[in-house]
Amino acid sequence: MLSIILGLVMVIGGLTGKLVLRGTESGGALAVLGGVLIAWGLYRVVSAKKQKPSADQSAEPPDEKKG
């Protein structure tokens, strides 16, 4: 989640010209790097949600009644 927020700040700052990528003095490069951070953060959020079982799908099968 932090990478998504940081990526948004980098994209906005780079596109407005308020921030630049150190060493290149390029706002566009910072915006691209911010976009990569946003994509990485979204990938991590989606993959974490896929790994958690939902409430409907419990990890253990229900016990069968013996009669």
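The figures follow:
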{"quantity": "Footprinting exposure proxy for 19, 30 (fewest neighbouring C-beta atoms within 10 Å first)", "calculated": "19, 30"}
{"quantity": "Relative exposure of 22, 44, judged by other C-beta atoms within 10 Å (fewest first)", "calculated": "22, 44"}
{"quantity": "Centroid-to-centroid separation of region 29-45 and region 5-24 [C-alpha atoms, Å]", "calculated": "12"}
{"quantity": "Computed Kirkwood radius, in angstrom, where 1/r is averaged over Cα pairs of region 2-48", "calculated": "10.4"}
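None of the figures in this text is laboratory data; all of them are computed from the coordinates on show. Note that this is a predicted model, so its numbers are computed, not measured. Glycine gets a Cβ as well: all are built from the backbone with ideal geometry, and neighbour counts include every protein chain shown.
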